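Inspection log for the structure reproduced underneath, given as structure tokens.
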């Protein structure tokens with residue numbers, strides 16, 4: 001007997017200008033399913049999720065929720081119908097408390113005579129956080145004081161406060177530590193056991209294999225195939241996503257001695273208000289220096305400090321050759337340092353500006369003649385970098401906010417490559433990058449170091465750190481815990497011992 005779908009989407013089309021993001025997509029989401037949704041960047045995963053949740057209306061097609069016609073008028077209407085979405089980028093509202101974020105748009109639940117009972121709201125919010133295992137986050141805290149990871153967990157608490165029928169998780173786990181991921185997995189399992197449905201979007205094929213009982217593949221906005229049970233295997237997923245065989249051995253295979261090279265940046269006794277404690281090291285010419293640790297270890301703050309975004313309370317960051325101190329991003333950029341932030345929507349790109357403006361922004365000194373900047377020079381630089389990174393777009397004038405997460409990441413990288421940066425700070429460089437592009441990003445990094453340039457790579461992915469770094473520095477509680485040289489013998493288990 002065929003099981004009735006919780007959610008059925010039939011013949012969905014969606015275009016953004018000339019870009020056909022979805023073409024005749026039909027999928028069934030059944031009770032008790034953790035349903036993986038996969039495909040390369042620009043394949044239509046996030047667009048389909050946005051149509052389902054009510055963010056975008058579809059151009060053509062229909063949806064049914066538990067057999068009834070479902071046409072959400074917006075994301076709030078989707079939530080009222082039990083469809084909640086946790087987005088890839090930041091989904092919280094700054095300037096208000098954790099509790100106010102959890103109940104944004106639902107303040108009437110705590111209103112009497114037009115006044116909001118904030119104590120009652122805080123109590124309910126804390127109960128929601130406790131229920132999902134996030135008791136360490138306090139409801140009355142200002143959201144701006146919380147880490148990126150904790151803000152994602154607040155979004156989860158908000159979603160789970162609803163009577164969820166379908167929970168959409170769009171690339172959220174890439175932003176979380178092991179602790180945060182474990183929390184997400186528990187919630188997914190709970191919804192599965194309650195005969196609800198989870199739509200789980202991830203580029204991590206091992207994660208999908210471990211947690212999904214169904215996987216649907218999209219390619220270029222078209223439905224390709226749905227896999228179930230024993231059909232779910234990384235090799236099959238890669239082949240269906242890309243349309244060809246793809247090898248997963250894309251890390252470096254060289255193991256030379258990198259000691260004795262000249263230093264390009266010196267970090268000397270850096271301590272910050274954010275929690276870094278007496279950090280000292282040097283970045284060498286032609287080196288990929290990996291920085292690892294748990295999410296709250298301080299490694300992301302370290303990248304910001306080297307770029308001049310985070311103020312040093314003690315110590316400093318210096319250009320090794322001249323001894324000049326890096327005190328601001330402007331000074332770092334003038335000295336050919338680029339920074340690709342983990343939080344790309346807030347710190348790496350301008351979503352309301354087009355691709356040309358984003359890519360050319362750091363390079364105007366390079367392309368201008370006197371005070372004049374020729375539009376042709378802008379277009380030429382943007383076209384060159386977007387072609388090299390194969391950015392999927394309708395045109396160079398497309399707004400970055402309309403791109404997929406992976407293509408946004410490519411724009412964030414393209415702008416620093418276009419500026420001929422000699423040093424790149426890359427915080428989670430392959431976050432949101434699909435399997436078909438990851439290899440080309442790693443190859444680009446390898447070519448970059450072979451050209452005598454340097455990379456400070458901050459990553460929460462140990463295979464990436466071990467596979468790509470010449471040296472690895474492990475941070476724990478804001479301090480350096482261990483340094484590893486590149487080695488065939490180094491294992492993830494050995495590195496983890498110095499993180500926890």
By residue number, the members of segment 336-354 that are under 14 Å from residue 417 (Cα atoms) and at pLDDT 90 or above are 336, 337, 338, 339, 340
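For (1) surrounded by fewer than 22 Cβ atoms within 10 Å (Cβ to Cβ); (2) outside the structural domain of residue 124 (by TED's automatic domain parsing); (3) modelled with pLDDT of 90 or more; (4) part of a helix (DSSP H, G or I), each residue gets a yes or a no:
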site	(1), (2), (3), (4)
20	yes, yes, no, no
31	yes, yes, yes, no
52	no, yes, yes, yes
73	yes, yes, yes, no
100	yes, no, yes, yes
Hey, does segment 420-431 have a residue that's more than 30 Å from residue 313 (Cβ to Cβ) and either modelled with pLDDT under 90 or outside the structural domain of residue 320 (by TED's automatic domain parsing) (or both)? yes
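Filter segment 174-193 for residues that are at pLDDT below 90 and over 25 Å from residue 42 (Cα atoms); which is surrounded by the most Cβ atoms within 10 Å (Cβ to Cβ)?
180
Return the residues of segment 139-161 that are over 22 Å from the mean Cα position of the chain (by Cα) and assigned to a loop (DSSP other than H, G, I, E, B); say none if nothing qualifies. Can you show your working first?
Taking segment 139-161 and keeping what is over 22 Å from the mean Cα position of the chain (by Cα), we get 139-142, 161.
The answer is 139, 140, 141.
Mind checking which helices (runs of 4 or more DSSP H) fall wholly inside segment 386-481 and carry at least 1 residues that are farther than 30 Å from residue 17 by Cβ and out of contact with any strand residue (DSSP E or B) (no Cβ under 8 Å at 6 or more places or on another chain)?
Values: elements: 405-418, 435-450, 462-468.
Fully inside segment 386-481 and qualifying: 435-450, 462-468.
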Just wondering, is there one or more residues in segment 413-434 that are farther than 23 Å from residue 289 by Cβ, surrounded by fewer than 16 Cβ atoms within 10 Å (Cβ to Cβ) and in contact (Cβ under 8 Å) with a residue 24 or more places away in the chain? no
Using the structure shown, decide if residue 105 is assigned to a loop (DSSP other than H, G, I, E, B) and surrounded by fewer than 13 Cβ atoms within 10 Å (Cβ to Cβ). yes
Residues of segment 126-138 that turn out to be out of contact with any helix residue (DSSP H, G or I) (no Cβ under 6 Å at 6 or more places or on another chain) and either assigned by TED's automatic domain parsing to the domain that holds residue 300 or outside any helix (DSSP H, G or I) (or both), as a count: 3
So is residue 171 within 24 Å of the chain's Cα centre (by Cα), touching a residue at least 24 places away in the same chain (Cβ under 8 Å), closer than 30 Å to residue 210 by Cβ and surrounded by fewer than 22 Cβ atoms within 10 Å (Cβ to Cβ) or not? no
If the requirement is being over 30 Å from residue 183 (Cβ atoms), in the same structural domain as residue 46 (by TED's automatic domain parsing) and surrounded by 16 or more Cβ atoms within 10 Å (Cβ to Cβ), which of these qualifies: 252, 219? 219
Checking residue 26 against (1) surrounded by fewer than 16 Cβ atoms within 10 Å (Cβ to Cβ); (2) assigned to a strand (DSSP E or B); (3) without any contact (Cβ under 8 Å) to a residue 60 or more places away in the chain, which test does it fail? (3)
Give segment 111-125 a look and list any residue that's more than 15 Å from residue 162 (Cα to Cα) and out of contact with any helix residue (DSSP H, G or I) (no Cβ under 7 Å at 6 or more places or on another chain), or say none. 111, 112, 113, 114, 115, 118, 119, 123
Any idea which of 298, 315, 323, 370 is at positive phi, surrounded by fewer than 15 Cβ atoms within 10 Å (Cβ to Cβ), in contact with a strand residue (DSSP E or B) (Cβ under 9 Å, 6 or more places away or on another chain) and not assigned by TED's automatic domain parsing to the domain that holds residue 147? 323
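Residue by residue, here is whether (1) over 23 Å from residue 307 (Cα atoms); (2) in contact with a helix residue (DSSP H, G or I) (Cβ under 8 Å, 6 or more places away or on another chain); (3) free of Cβ contacts under 8 Å to residues at least 12 places away in the same chain; (4) not assigned by TED's automatic domain parsing to the domain that holds residue 267 holds:
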| position | (1), (2), (3), (4) |
| --- | --- |
| 456 | no, yes, no, no |
| 476 | no, yes, no, no |
| 484 | yes, yes, no, no |
| 488 | yes, no, no, no |
| 492 | yes, yes, no, no |
Scanning segment 51-69 for residues that are free of Cβ contacts under 8 Å to residues at least 24 places away in the same chain and more than 16 Å from residue 26 (Cβ to Cβ), the one farthest from the chain's Cα centre (by Cα) turns out to be 68
Considering only segment 295-341, state which residues are free of Cβ contacts under 8 Å to residues at least 40 places away in the same chain and in a strand (DSSP E or B). 325
Can residue 276 be described as in contact with a helix residue (DSSP H, G or I) (Cβ under 9 Å, 6 or more places away or on another chain) and either modelled with pLDDT of 95 or more or not in a helix (DSSP H, G or I) (or both)? yes
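The values are calculated or read from the model by the stated rules, or taken from the named source; none is laboratory data. These figures come from a predicted structure and were not determined experimentally. FYI the Cβ positions are ideal-geometry reconstructions off the backbone, even for glycines, and counts take in every protein chain you see.
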